[in-house]
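Single-structure report; data block below.
Just so it is clear, none of the values below were taken in a lab; they were calculated from the coordinates. Since this is a predicted model, take the numbers as computed values, not measurements. In this analysis, Cβ positions are derived from the backbone assuming ideal geometry, glycine residues included, and neighbour counts consider all displayed protein chains.
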Amino acid sequence: MFLVPRLQQTPGWLSRPDISILRPRMHSLPPANISRPGGTVTLASEGESAGNGATPHPGAADVISTTALKKVYPGGMVAVDELSLSVRRGEIFGLLGPNGAGKSTTVGMLTTRVIPTSGSAVVNGIDVVAEPARAKQVIGVVSQANTLDQGLNVWENLYFHGRYFGMSAQASRAATNDLLERFRLADKKTAEVEALSGGMARRLMVARALLHQPAVIFLDEPTVGLDPQSRIALWEVLGELQDEGQTVLVTTHRMEEADEHCDRLAIMDHGRIKAVDTPAGLKARLGGGASVTVRADGEIEKLASQLRRAVFTTEVQVVDGHVRISLPQAEGAMQLVLAAAQAGRFRLTDLAVSCDNLETVFVKLTGKDLRE
Amino acid sequence: MTASTAGPFDTERTRSVRGASWTAFRAMLLRDFTILDKRLPQFVAGTVMQPLMLVFVLTNLFPRIGQAVGGGGGASRFSSLLMAGIVAQTIIFIGIFSVGTEMVRELGVTGEVEDRILAPTPIFVVAAEKIVSGGLQALFGAMVVFPIGAFVPSTPVYLEVRPIVLLTLTPLACVTAAALGLTMGARFSPGTASYLFGVVALPLSFLGAIFYTWPSLDAVPLLQYALLVNPLVYASEGFRAALVAGEPHLSLFVVYPAMIVSAVVFTVLGMRGLRERVLS
Ligand SMILES: Nc1ncnc2c1ncn2[C@@H]1O[C@H](COP(=O)(O)OP(=O)(O)OP(=O)(O)O)[C@@H](O)[C@H]1O
Ligand SMILES: [Mg+2]
């Protein structure tokens, strides 16, 4: 029920010859979970921000680019520190980071709501700091909180948004009807926005952000507070938008979502970018390892030392009656362990291999300390 | 997608800020009046009730039960001078309560002002729109209340309309009211909004030359001059000059400059206040 249907025909508001929501995607993406050999990761050293890593959209122009963007809040809190970042046309770019990392502040600066202390931010060729009012023409924003207009019903929320952005009554009406259909909200047309579920409200906010056909949409933690179905539906919508060429910048805490859906990720901490790359690239460079857990009959310590010799690593520990091994790469891990066990005539009762995921990478980069 | 099919740095497709601001401004007005239209019964009831009760008790009931009101001049004189005060008070109250509490809610509770803040226009245009729409609401309220002041009293009301004064003063009062509301709305948080009535509206109103004229305060000179900080005093006195026959009032040479200054000051404060609330 949450599947968003592809538009069957180009609706009126999109039928101007230079505009098509249906044009083929610009570049095909490699499968997300295959680590590509060319993937490079740029690790930011302290005091300098990272550039960009491999791109799934080679040659695509930057829709967002920031240079040494910095925000110091009154009181001296440095929320974003010398951030340099580029987001290319047509990609879903994820901004990841622990609480207080400066994600919302970054989005705020790019969407004119937070005034940078220094540095520059350019969105679709418009300097956001120098020309905020003009920049607002080319951005769509979905903030974390529900900011739908309570005085207006569902339909009116979209319609007036179109009018704010200079669409004619007719164009706004047509776009509103199309988007309500598309986002499965047509039967809620006349509902008050207070009556919408969290998932529906979020869908309406995404629809609203898209109505004026922005060059880029920003979503700040769009899946927080949504049930799994609504989360899946939201990512499906974003994926479809990307197929149509829409650039999306999304912040999230959810590693598995970022891994699965983002073309590139920036991992932020303390206002700085720690790494930028494709999810696969990040895992290949920073993760890529595996941890193996082994149980066996007999003397577990002996097995451990046997394994230690076999795998040439000191990362072999005995924990609660089983052996835990950290390996730099997942490939061949199982064979290695099996061979070592057989050589020592151990009878294995349990063997589990788990590959490093983005979470491991994230924790490696940002540490384990609790934030805020 | 318009922008994404455009060239990499093709910004020619963006409209001029001036043009975009004007369309956004009109669309926001349309939005405000769509909402007002939905809530018209509540708006009218809320606007009418207080002046109706006041005028009814003080100028209809009191004279009929022989309760002394209006001092030396008698009931008719009091009904006449109150008429101007009621119009002024209605305008200022709509500013504080309609615009003010709405802004408190939109800025502090729901954040629903966001869609207008992100409209392709500078923030001051959003503030200007609020002032214009609030001012029009205040004008509408004044027109609803006018007949109450004129016809509810049980004694004659001596009116003498000076059209030019009325037509120039009304917009000034309406802008001041809406801008004052915006200023208050941006300053007060949802938690403190309940003080708007007790701490702002009540003193403004009781010390606003509504139930008495400013010249009649000659007897209490200290208070008389203290009252001059209250913008409502100028509105009441101005409406007295514009509507009421034979009642001494503060000179229009004082009223006009004071009204213009308060309109400008609160407009600037309101615009600044909104900007401070929505940007960081
Ligand atoms: N208006 C503000 N005034 C002062 N400090 C602020 C303000 N907004 C944010 N901060 C501080 O700046 C830092 C970065 O905040 P920000 O909201 O950008 O982080 P975030 O990455 O979005 O975190 P979260 O995941 O919790 O949303 C935090 O330490 C926060 O306390
Ligand atoms: Mg945040």
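Values as computed for the structure displayed
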quantity	calculated
Relative packing of B:50-56, A:81-87, A:132-138, which averages over residues the other C-beta atoms within 10 Å, highest first	A:132-138, A:81-87, B:50-56
Rg in Å to one decimal, and Dmax rounded to a whole Å, for segment B:137-208 via C-alpha atoms	15.5, 45
Cβ-based net charge around A:PRO116, under 10 Å, with every Lys or Arg adding one and every Asp or Glu removing one	+2
13 Å beta-carbon shell around A:ARG295, net charge (K/R +1, D/E -1)	-2
Net charge of Cβ neighbours under 9 Å - reference A:SER230; Lys, Arg +1; Asp, Glu -1	+2
Amide H within-cut-off set for A:VAL141, under 5 Å, with H built and near neighbours excluded	A:PHE218
Qualifying lysines (Cα of each under 29 Å from Cα of A:LYS103; at least 8 residues distant if same chain)	A:LYS70, A:LYS71, A:LYS136, A:LYS274, A:LYS283, A:LYS364, A:LYS368
Cα convex hull of chain B - mean projected area over all directions, nm²	17.3 nm²
Karplus 3J(HN,Hα) series, Hz, for segment B:90-96 with 6.51 cos²θ - 1.76 cosθ + 1.60 (x for Gly, Pro)	4, 4, 5, 5, 5, x, 5
Which of A:CYS355, B:CYS174 has the fewest Cβ neighbours within 10 Å, and the rest in rising order	A:CYS355, B:CYS174
Space enclosed by the convex hull of the alpha-carbon atoms of segment B:77-212, per residue, Å³	108 Å³
Average beta-carbon neighbours from other chains, 10 Å sphere, peptide B:103-115	4
Ranking of B:PHE151, B:PHE146 by count of other Cβ atoms within 10 Å, fewest first	B:PHE151, B:PHE146
Per-residue Cβ neighbour rank within 10 angstrom, fewest leading, A:ILE126, A:ILE273, A:ILE139	A:ILE126, A:ILE139, A:ILE273
